[in-house]
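Below is one structure, written out as structure tokens; comments come after it.
No lab work stands behind these numbers, since they all come straight from the coordinates. A quick note: this is a predicted structure, and the numbers were derived from the prediction, not measured. Virtual Cβ from ideal backbone geometry, glycine too; neighbours counted across all protein chains shown.
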Amino acid sequence: MPNSTKEIINGLKAARQKDPSLADVIDLYRALLEAQERVQPVPAPAFTLPTAEESEQALQQGIPLLHMVPLSFDLQAVSRLATDVCRIVAEHRPDLADSLAAVSRHLLGQNGQLEGLMTRYLNGEGLDIAADESQPPDQSLLTFVLNHTLRPFLQSAIQNPQSKIDMWSRPICPMCGGSPDFAALVSGEDNDGHARRLLCTRCNTEWGYQRSGCPFCERTEQWAYFPDENEVFRLYVCDACHRYLKTVDWRQTFAHRSLPVARVITLDMDVAAVQAGYGE
């Protein structure tokens, strides 16, 4: 199962107490998590997950489990959460208010495209913005809002036991097909022989993956990292595809943090990566 929202909130509270300089960013993410926690997403009655046998066959074939069924969510509930996400971020980051208004109009306005965008995004078809749109939304901000809006609905849909994804060793999420945005280096015995765990940017599922190489383009020759001063966190960058991946080295610390918590408390690494010309 993906990481519990309550556990992540508690982890962020502890991180805030330990390092008050993180208060602003942690308060923003706590507010987003609390909004997600208030959602009670229930898949439509026709929504049926694959059987155990179908799941095993799909994973062997490299098909994420939620790609096996037509996803159908309560669009009113999704719209309400999308509105809350935009409002919360604007309250904590007034500098983004205008950009968030453009995102909200794109998703929820008179010609709102929420359902179509959800479908394309979950199918891995991207978020292409029409060239003739008068006020097109910022794509990275649109992705951020969609991720935080869809996460509780995806988590609600994931009912398969974690053990079913042990056979998976691909660079995309075995549950929803999302890309990773955080990782952990672990000793082999901690992760069924895999030396790295990846965290899904969409549904927070964790899965095992090979130790070396870029999980986005799967090349190894231009994959390098920069450690922090304590050599606990690393910023991996790929000069082949110009993507990056934040990583915690659990082998160097006894404090096995929650990966979603570590994702939040290392946002300075995201800033450094983007400034250096790497994209998520």
Ser72 versus Asn123: modelled label distance in nm, points set 7 Å from Cα along the beta carbon direction: 1.6
For the chain, what relative contact order do you get, as a whole percent, if you take Cα pairs closer than 8 Å and at least 6 residues apart? 17
Show which lysines lie in cross-link reach of Lys18 when reach means a straight Cα distance below 22 angstrom and same-chain residues fewer than eight apart are skipped. Lys6, Lys246
Where does each of Cys241, Cys173, Cys203 land when they are ranked from fewest to most other beta-carbon atoms within 10 angstrom? Cys241, Cys203, Cys173
Here are some values of semi-axes √(5λ) of the Cα gyration tensor in Å: (i) 25, 21, 19; (ii) 27, 24, 19; (iii) 30, 21, 18. Which one was computed from this structure? (ii)
Between Thr83 and Glu53, 0.36 nm times their residue separation minus their Cα-Cα distance comes to what? 6.9 nm
If packing is taken as the mean number of other Cβ atoms within 10 Å per residue, what is the order of 62-70, 174-182, 118-126, highest first? 174-182, 62-70, 118-126
